[in-house]
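Worksheet: one structure, shown below.
Where a number appears in this text, it was derived from the coordinates with a stated rule and is not lab data. These numbers come from a predicted model, not from an experiment. Note that each Cβ is placed from the backbone with ideal geometry, even for glycine, and that neighbours are counted across all protein chains shown.
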Amino acid sequence: VSIILPKTSYLSPINGNVDMESQTFTPIQFYGNFKINDRLSAGIGVNNTFGLGTKWDDDWEGKFVSQEIELVAFFIHPTLSYKISDNVGVGAGITYATGEVLIRRAVPVTSTAAYGQAHLDGTGSGIGFNAGLFFQLNDKASAGIAYRSQLKVEVDDGTAQFTDIPTSLASNFPAETKFTTELTLPSVLSFGVGYQFTDELLIALDLNITGWTTYDSLELTFPEASSLNSSEPRKYENAIAIRLGGEYRYNDKMKFRAGFAYDQTPIQDDYVGPDLPDNDKIIVNLGLGYKVNEKLSVDLAYLWEDVMERKAENISSGFAGTYKTRLSAFAVGVNYNF
């Protein structure tokens, strides 16, 4: 279980600094592995590795672009793995995802300061697959490759509500109507190597390539109110992440861990907005593992992430400014061998 504490600021060209409202995210991960025989094992994983959320004050200057957005996807991964030889293993499985999208923004309805409110909420699901290979190259070196397919989450029966709309515009903004959209979650291709330098020291290097080009635009379709249909360009690009980590076995019970990562943003300069003011990231983490007994172990971790400052103007909305984000995350893990 993790606790993520982000802090984002927006520097306006006109009105100065605005801080995003404080939020706390608690992603979870659960994994189980069951040995069927000497070669075949079955596993299950549950996590919500994809998710984002931003929330600004309702009356801030970017209210017509975004007040709040939340995109969350939970994944369930049933898998099978097979030990081909003492040095080679293979695994594959199905990925089932269920996701939710929430969008809130102000609606300009008059030439005065008054504005209406739009609230969209919907859920959807989709299915993909994952596969991987593991190689024990020698008694010290190992390598692996893994692939998770892209996955399309379709929202077919979302609910849209419009409030504080003048009577003269009520026909254009129904109090409640349905909407549809879809979000194609990206494929992820991962390569990893590990080397046991000494009996105590293990070093690992990972490279992830995330196929974010699947997120080209956010399409909102209103079957009963077609005048509200919208297409907001996103134009995401594929992104890489490089991670270097080490584990030092201090004694039979305690292990110390540390890592460093560079995570590239998929968002181009012309498409940055307050709904996700992202940029390239530098990440540092520290961890501790403690073996309580032969069956039970506990892991603790801390992560610090610096999202590089970014000055941008969105070509779709025309909204411009400078964004800066930092976050801290704390995690606790429990492992039990039955």
Using +1 at the Cβ of each Lys and Arg and -1 at the Cβ of each Asp and Glu in the chain, identify which of Leu102, Thr214, Ser230 lies farthest towards the dipole's positive end.
Thr214
Using the Cα centre of the stretch 228-326 as origin and beta-carbon charges of +1 (Lys, Arg) and -1 (Asp, Glu), tell me which of Ala301, Phe256, Gly245 is placed farthest towards the positive end of the dipole.
Phe256
Straight-line reach check, Lys253, cutoff 26 Å on alpha carbons, 8 or more apart in-chain or any other chain, hits among lysines -> Lys35, Lys140, Lys291, Lys295
Treating only the Cβ atoms of Lys and Arg (+1) and Asp and Glu (-1) as charged, compute the dipole magnitude of the stretch 1-90 about its Cα centre; round to the nearest 20 debye.
660 debye
Suppose every Lys and Arg Cβ carries +1 and every Asp and Glu Cβ carries -1, with no other charges. What dipole size does the chain come out with about its Cα centre, to the nearest 20 debye?
1180 debye
Please name whichever of Ser316, Ser168, Thr49 sits farthest to the positive end of the charge dipole of the stretch 2-336, dipole taken about the Cα centre and charges placed at Cβ: Lys and Arg +1, Asp and Glu -1.
Thr49
What aspartates and glutamates could a cross-link reach from Lys324, if we take a straight Cα to Cα line under 12 Å and drop same-chain neighbours fewer than 8 places away?
Asp19, Asp278, Asp280, Glu305, Asp306, Glu309
The aspartates and glutamates whose Cα lies under 12 Å from the Cα of Lys152, excluding any fewer than 8 residues away in the same chain, are Glu182
Let me make sure I get this right: for the stretch 2-336, a, b and c are the square roots of the gyration tensor eigenvalues over alpha carbons, sorted descending. Under 1.5 in a/c it's rounded, otherwise prolate if a/b > b/c, else oblate. Which is it?
prolate
